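First comes the structure, then the notes that go with it.
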Amino acid sequence: MKVLKFGGTSMGNANALEQVSSIVQKYSKSGEQMLVVCSAMSGITNQLISIGQLAEKGKQHEAMAIFNAIKEKHLASARQLEVIDSFKSCTNELFINLEKLVQGIILIGELSSRSVAYLLSFGERLSTRLLVCYLQRKGLSATQHDSTFIKTKGINYEEDEIDWESTKSLAINALGNNIQENVISVVTGFFGTNPQGHISLLGRGGSDFSGAILSVCLEINTLEIWTDVDGFLSADPRIVEDAQLLDEIGFQEASELCFFGAKVLHPKTIRPVIDNGGQVWIKNTFNVELEGTKIIKEARENKREVISISSKKVGLISLDLFASQSKKKQILSELFQLAQENGVDIDMIAASEAEISFCIEVKHLENKCFLDSLMSICPYYIKEDRSVVCIVSPKEVRGQCGVAGKIFNAIADSGVSIDMYSQNASEIAQLIVINTGDVKKVVKNIHSKLVSRNALLV
Ligand code: ADP
Ligand code: ASP
Ligand code: MG
């Protein structure tokens with residue numbers, strides 16, 4: 001049995017949905033049992049965010065124009081797939097509720113994070129219903145499920161943590177019968193419900209994680225992430241046109257890359273599945289003949305100098321230790337305490353006698369409480385518009401000389417200065433902070449010098 005997760009582009013229009021259905025049909029014909037997890041149709045989550053922002057400002061006309069566009073996009077696909085009647089009857093109430101929600105936000109002029117979570121859940125509720133109508137029309141036995149049985153801890157509404165124990169028993173209750181009777185469950189990605197029963201989200205791109213949660217809780221060994229690229233590539237293909245397909249990648253290497261911006265997989269996806277003895281594959285919905293990339297627990301021997309490169313925007317903060325009365329070790333301990341209290345993750349840190357520099361997610365630069373309290377610990381400055389470039393090598397790089405040197409040379413050849421640098425002791429990940437405007441140039445250059453030439457470790 002497999003969990004198949006289809007992302008936004010795989011659900012993007014009627015043609016893509018036909019493709020998804022043909023993959024499901026092919027598996028079904030070969031006797032494979034499946035559970036399907038879907039994202040919203042591509043672009044819908046962003047449109048729902050815009051609706052919320054416009055409604056909060058009282059811009060009724062603009063908010064309703066997007067609401068109508070969302071409705072029309074789904075109805076047009078349903079018409080093309082010839083499921084308009086069944087789709088209308090299973091989504092009538094959803095559209096009424098969505099409209100009521102938008103009017104409610106306009107009325108009170110307030111958009112709480114609880115409302116955002118509820119609002120964004122409509123994308124997945126609609127896409128899964130559309131797919132099920134089509135699978136049923138194709139003669140497949142499939143039922144739609146809202147993932148309210150994924151239980152979260154209620155820490156926040158945008159990216160909540162999972163209550164694994166409760167989720168496990170509720171998921172078995174909700175989907176166990178279908179598994180026994182060989183009916184395909186089509187489940188919404190991206191959200192669950194918190195202890196109060198409110199919708200809470202799993203973070204942007206979180207449907208991958210929903211797939212992982214169901215794979216672990218229902219003990220389904222294989223998770224296939226179906227997307228719009230051939231697999232895990234040696235760089236973001238939007239930056240490096242000739243990025244190479246990786247047949248397999250170790251989970252530690254993949255985790256570093258996903259954490260630092262490789263959008264192809266939500267960073268929380270891999271670990272639970274691999275820890276549970278399962279496998280994660282990345283496959284292309286539009287190129288089904290290819291095997292894709294297998295993410296494995298222990299990568300096989302690999303002599304390449306660099307496997308893959310990713311990048312993500314960060315906030316770079318530097319504490320000026322000389323301007324503070326306190327000692328370095330006291331400041332470090334206060335910094336971590338403050339970060340924890342304010343829900344701020346420190347992604348990268350470098351400390352010397354004069355300064356402590358660290359990177360946080362860009363969204364945390366808006367956390368006024370964290371920044372104000374930080375100033376009371378130690379004066380600091382922020383470097384704006386920074387990104388971290390993450391360069392991952394195989395474990396065989398340990399103890400070898402020269403790879404970091406080549407990376408630095410490639411950056412120097414690009415005429416770019418480095419703000420901050422870090423390498424963990426396992427030596428597999430080099431993290432380099434530079435100006436965001438220089439990322440494309442630097443990634444292309446490192447890729448062409450260390451990946452495209454298939455440079456090998458000696
Ligand atoms: P989905 O809608 O299927 O969830 P996403 O847009 O979230 O798809 O992720 C797939 C995209 O990730 C690709 O289209 C590609 O542009 C981007 N991407 C970034 N880094 C990588 C990488 N290293 N390998 C593959 N794709 C990557
Ligand atoms: N639809 C959600 C998003 O756009 C979740 C996902 O696609 O994984 O973030
Ligand atoms: Mg995604």
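The values are calculated or read from the model by the stated rules, or taken from the named source; none is laboratory data. Small disclaimer: the values here were computed from a predicted structure and weren't measured. As a convention, Cβ positions derive from the backbone with ideal geometry for all residues, glycine included, and neighbour counts pool all protein chains shown.
Within the range 80-102, the only residue that satisfies the criterion of being loosely packed, with under 14 Cβ neighbours inside 10 Å and either touching a residue at least 40 places away in the same chain (Cβ under 8 Å) or touching a helix residue (DSSP H, G or I) at 6+ places or on another chain (Cβ under 7 Å) (or both) is E82. Just one of the listed residues (S215, S185, S210) is under 19 Å from V132 (Cβ atoms), touching a helix residue (DSSP H, G or I) at 6+ places or on another chain (Cβ under 7 Å) and within 16 Å of ligand 2 (Cβ to nearest atom), namely S210. Count of the range 299-322 residues, restricted to those that are under 20 Å from E384 (Cβ atoms) and either hydroxyl-bearing (S, T, Y) or more than 16 Å from ligand 2 (Cβ to nearest atom) (or both), is 9. Set side by side, the residues I239, I295 differ, and just one is within 16 Å of ligand 3 (Cβ to nearest atom), farther than 22 Å from A425 by Cα and modelled with pLDDT of 95 or more, which is I295.
From the list T227, T167, the one residue that fits, being within 16 Å of ligand 1 (Cβ to nearest atom) and within 29 Å of A254 (Cα to Cα), is T227. Answer with yes or no whether S127 is of a type outside the set (F, W, Y), surrounded by 21 or more Cβ atoms within 10 Å (Cβ to Cβ), touching a Gly at 6+ places or on another chain (Cβ under 8 Å) and part of a helix (DSSP H, G or I). The answer is no for S127. Pairs linking a residue in the range 191-211 that is within 16 Å of ligand 3 (Cβ to nearest atom) to a residue that is of a type in the set (K, R), with Cβ atoms under 7 Å and 6 or more positions apart or on different chains, are G205/K263; S207/K5; D208/K5; F209/K268; G211/K5.
Screening the range 131-141 for residues that are free of Cβ contacts under 8 Å to residues at least 60 places away in the same chain and of a type outside the set (S, T, N, Q) and picking the one that is nearest to A117 (Cα to Cα) gives V132. The residue of the range 270-329 that is farthest from I432 (Cα to Cα), among those that are of a type in the set (S, T, Y) and touching a residue at least 60 places away in the same chain (Cβ under 8 Å), is T285.
Which residue is nearest to T9 (Cα to Cα), if the candidates are limited to the range 294-315 and must be over 17 Å from the mean Cα position of the chain (by Cα) and surrounded by 21 or more Cβ atoms within 10 Å (Cβ to Cβ)? Here the answer is S308.
Within the range 205-224, being away from ligand 1 (no atom under 13 Å from the Cβ), part of a loop (DSSP other than H, G, I, E, B) and in contact with an Asp or Glu (Cβ under 9 Å, 6 or more places away or on another chain) holds for no residue. Considering the conditions (1) of a type outside the set (D, E); (2) touching a Phe, Trp or Tyr at 6+ places or on another chain (Cβ under 8 Å); (3) without any contact (Cβ under 8 Å) to a residue 60 or more places away in the chain; (4) away from ligand 1 (no atom under 16 Å from the Cβ), V183 is excluded by exactly one of them, (2). Among the residues of the range 240-268, the one identified as away from ligand 2 (no atom under 16 Å from the Cβ), free of Cβ contacts under 8 Å to residues at least 60 places away in the same chain and β-branched (V, I, T) is I249. In the set T143, T167, T152, only one residue is surrounded by fewer than 18 Cβ atoms within 10 Å (Cβ to Cβ), β-branched (V, I, T) and modelled with pLDDT of 95 or more; that residue is T143. Being within 14 Å of ligand 3 (Cβ to nearest atom) and buried (at least 24 other Cβ atoms within 10 Å of the Cβ) is not true of L214.
Count of the range 24-44 residues, restricted to those that are farther than 13 Å from L131 by Cβ, within 16 Å of ligand 2 (Cβ to nearest atom) and part of a loop (DSSP other than H, G, I, E, B), is 2.
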